[in-house]
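These notes concern the structure reproduced below.
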Amino acid sequence: MTILDRIIEQKRIEVAQRQATTPASALENSPLFGRQTNSARAALLAPGSSGIIAEFKRKSPSKGIINDTADVSSTTQGYVRAGAAVLSVLTDEPFFGGTPADLQTARQANPDTPILRKDFVIDAYQLLEAKAWGADLVLLIAACLTPEEVSDLSRQAHDLGLEVLLEVHDEDELDRSLADTVDLVGVNNRNLKTFVTSIDTSLQLAERIPDDFVKITESGLHEAATMVTLWKAGYTGFLIGEAFMKTTDPAASLARLVADYTSQLPTPSNTFTP
Ligand SMILES: O=P(O)(O)OC[C@@H](O)[C@@H](O)c1c[nH]c2ccccc12
């Protein structure tokens, strides 16, 4: 059994329990449910965008504790001030130490920034939660969904005004799961079954992703030079967590990376300006 299998097994139990205590109607009646969402696609494609999706992550199955003292509100606000285009907030508790409250807090602290609910979505109920907790987009992971589930869930997400980031790890997942109902395609450099992380994954898949999707490279990114290589390969979005969260000042680390990255980009029009 892989770690991903264990996470999904646990997730099914968790979703059933939450559904039993909070009916869909309660989520639909919550104050944030009707809010107008912010577009991550627009934020990442805006001229001058840093392209960075900055993640709030306390721990992970591959790294253990990364940061168990950081405050959600100040860290995410710091990320935004330092130039993050989009925020990603883990809501999985058992494996990543995130909570629904983290997402709600990040929403309240950053009303105008697109926020990704980072979790393992396997059921439409979780889309209602995402909307009720203040998310603007959700992650759908091809490795744990059938192609039908990807297209059904992404259609339902759109009906709620949520954008969809489809995560793939190889050619096979991309070929079978890419639906025109998704907005952004993320290539995870980390294999969720083995934890092996390599940016070659993104480099190999870049050309196979049609250009109408915003291309995001995810995980294991630490250095501006690597980002420039990936940008040249066609990636405009960079999902980064650990490199920031493991430092004592995540926002300052982001600011340094943005400065370094933009100074190395060949075209001034893509330069981030605060
Ligand atoms: O902390 P990193 O190596 O910068 O990675 C961030 C993000 O890509 C990673 O947390 C992630 C990518 N896909 C996921 C799916 C579930 C949980 C976590 C993830």
Kindly provide the set of residues from the range 44-70 that are exposed (fewer than 14 other Cβ atoms within 10 Å of the Cβ) and in a strand (DSSP E or B), ordered by number.
-> GLY64, ILE65
Given the conditions (1) under 21 Å from VAL15 (Cα atoms); (2) not in a loop (DSSP other than H, G, I, E, B), which single one is not true for GLY78?
-> (1)
Hey, does the range 20-40 have a residue that's touching an Asp or Glu at 6+ places or on another chain (Cβ under 8 Å), among the charged types (D, E, K, R), touching a residue at least 12 places away in the same chain (Cβ under 8 Å) and not in a loop (DSSP other than H, G, I, E, B)?
-> no
Hey, among LEU127, LEU139, LEU165, which residue is within 12 Å of the ligand (Cβ to nearest atom), within 15 Å of the chain's Cα centre (by Cα), closer than 20 Å to GLU14 by Cα and not basic (Lys, Arg)?
-> LEU139
How many residues are within 12 Å of the ligand (Cβ to nearest atom), in a loop (DSSP other than H, G, I, E, B) and either under 20 Å from GLU148 (Cβ atoms) or touching a residue at least 40 places away in the same chain (Cβ under 8 Å) (or both) when one looks only at the range 175-190?
-> 0
Could you grab me the full set of residues in the range 210-230 that are hydrophobic (A, V, I, L, M, F, W, C) and over 18 Å from the mean Cα position of the chain (by Cα)?
-> ALA224, ALA225, VAL228
Which residue out of THR247, THR262 is closer than 16 Å to ALA84 by Cβ, surrounded by 19 or more Cβ atoms within 10 Å (Cβ to Cβ) and out of contact with any strand residue (DSSP E or B) (no Cβ under 7 Å at 6 or more places or on another chain)?
-> THR262
Only listed residue being of a type in the set (Lys, Arg) and within 13 Å of the ligand (Cβ to nearest atom), chosen from LYS193, LYS215, LYS232 | LYS193
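Here, each number is a calculation from the coordinates, and none is a lab measurement. These numbers were taken from a predicted model, which means no experiment stands behind them. Neighbour counts run over all protein chains shown; Cβ positions are idealised from the backbone, glycine included.
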